[in-house]
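J.: This is the structure I have questions about; it appears just below.
The values are calculated or read from the model by the stated rules, or taken from the named source; none is laboratory data. Source: prediction; values computed, not measured. For neighbour counting, all protein chains shown are included, and Cβ atoms are generated from backbone atoms with ideal geometry for every residue, glycine included. Note: areas computed on protein heavy atoms with side chains; ligands, DNA, RNA excluded. Shrake-Rupley method; radii C 1.70, N 1.55, O 1.52, S 1.80 Å.
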Amino acid sequence: MAWHLITTNHLPFHIQVRQLRHALKNIDIVHVRDKEASLQRLKQQIDQLCKIGLRREQIILNEHVEAATAWDLGGVHLPGNSSWTGTDVKEKAPKLRVGASVHNREEAIARADENVDYLYFGHVYPSASKPDSSPRGLEALQSVVQSVEIPVFAIGGITRDRLREISRIGASGIALISGFWEADKPEDEAVQFNRFGQMSYETT
């Protein structure tokens with residue numbers, strides 16, 4: 001699973017579904033994240049994704065552990081301010097794949113100790129979604145990667161021309177928002193992002 005695509009609040013969901021339909025063969029994981037949506041709305045979004053061909057095990061839901069379990073999804077992702085720990089989720093829903101967002105080495109080690117399955121670390125590069133926050137950079141990413149034994153996904157300002165340097169750092173994957181949704185041809189970007197796994201293999 002070289003990359004995760006995260007849904008966005010900057011495009012109507014039916015437009016996202018349309019773009020996804022054309023890129024589906026190069027997408028393994030879709031992370032549904034809409035902090036303002038009701039559970040009913042999130043369920044509708046997930047049903048729409050399944051209708052275009054995504055399997056439920058390919059879908060990660062942000063934060064809502066009980067819903068991810070009830071809807072038989074592949075995983076749940078814990079934001080940095082989540083009240084859930086990885087240990088709690090594993091006890092409640094042992095079949096769920098659990099990820100967590102971290103912003104420094106200490107948080108990464110703490111989450112790894114909770115037995116989460118992967119981490120998002122960022123934002124690595126300047127990001128339009130965080131214009132007032134300085135990027136953490138490649139050195140910080142490398143520090144996190146070297147501090148834990150679980151996969152670390154780089155997030156924040158990821159573009160196709162930055163993939164090779166991220167792979168050299170040792171990140172296991174990338175998580176995308178604007179790099180996909182704001183592209184002129186998202187289906188072409190998906191092909192490039194899907195190559196990240198091969199880049200990682202080539203650098204080992």
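J.: With every protein chain kept in the model, how would you rank His10, His77 by accessible area, 1.4 Å probe, largest at the top?
T.: His10, His77
J.: Of Leu42, Leu78, Leu176, which is the most mobile in a GNM of the chain whose springs link Cα atoms less than 10 angstrom apart?
T.: The residue with the greatest mean-square fluctuation here is Leu42.
J.: Could I ask something else about it? Compare Ser127, Ser38 by solvent-accessible area with a 1.4 Å probe and give them largest first, with all protein chains kept in place.
T.: Output order, biggest surface exposure first: Ser38, Ser127.
J.: Still on this structure: If ligands, DNA and RNA are left out, what is the accessible area of Asp72 with a 1.4 Å probe, given in Å² to the nearest 10?
T.: Only protein atoms counted, so the area is about 110 Å².
J.: Can you give the net charge of the other residues whose Cβ lies under 11 Å from the Cβ of Arg41, counting K and R as +1 and D and E as -1?
T.: So the environment of Arg41 carries a net charge of -2.
J.: Can you tell me the dipole magnitude for the chain around its Cα centre, using point charges on the Cβ only (Lys, Arg +1; Asp, Glu -1), in Debye to the nearest 20?
T.: Roughly 500 debye for the chain.
J.: Once you've got the GNM for the chain with C-alpha springs shorter than 10 Å, pick whichever of Arg162, Arg111, Arg136 has the biggest mean-square fluctuation.
T.: Among Arg162, Arg111, Arg136, the largest GNM mean-square fluctuation belongs to Arg162.
J.: Could I ask something else about it? Heavy-atom accessible area of Glu66 with all protein chains present, probe 1.4 Å, nearest 10 Å²?
T.: That residue has around 100 Å² of solvent-accessible surface.
J.: Let me ask another. Would you list Thr85, Thr7, Thr69 from the most to the least accessible area, probe 1.4 Å?
T.: Ranked from most to least accessible, the order is Thr69, Thr85, Thr7.
J.: Quickly estimate the mean residue ellipticity at 222 nm for the chain, helices only: each DSSP H run with n ≥ 4 gives -39500 (n - 2.57), and the total goes over all residues, rounded to 500.
T.: Helix contribution divided over all residues of the chain: -11000 deg cm²/dmol.
J.: List, in order, the whole-Hz ³J(HN,Hα) value for each residue of segment 90-107 obtained from phi through the Karplus relation with A = 6.51, B = -1.76, C = 1.60 and θ = phi - 60°; use x for Gly and Pro.
T.: After applying 6.51 cos²θ - 1.76 cosθ + 1.60, I find 4, 5, 7, 9, x, 8, 6, 7, 10, x, 8, 8, 9, 10, 7, 4, 5, 5 Hz.
J.: Something else about it: Once you wrap a convex hull around the alpha carbon atoms of the chain, what is its projected area averaged over all directions, in nm²? Please report the intermediate quantities before stating the final value.
T.: Details: hull surface 42.3 nm².
For the chain, averaging the hull's shadow over all directions gives 10.6 nm².
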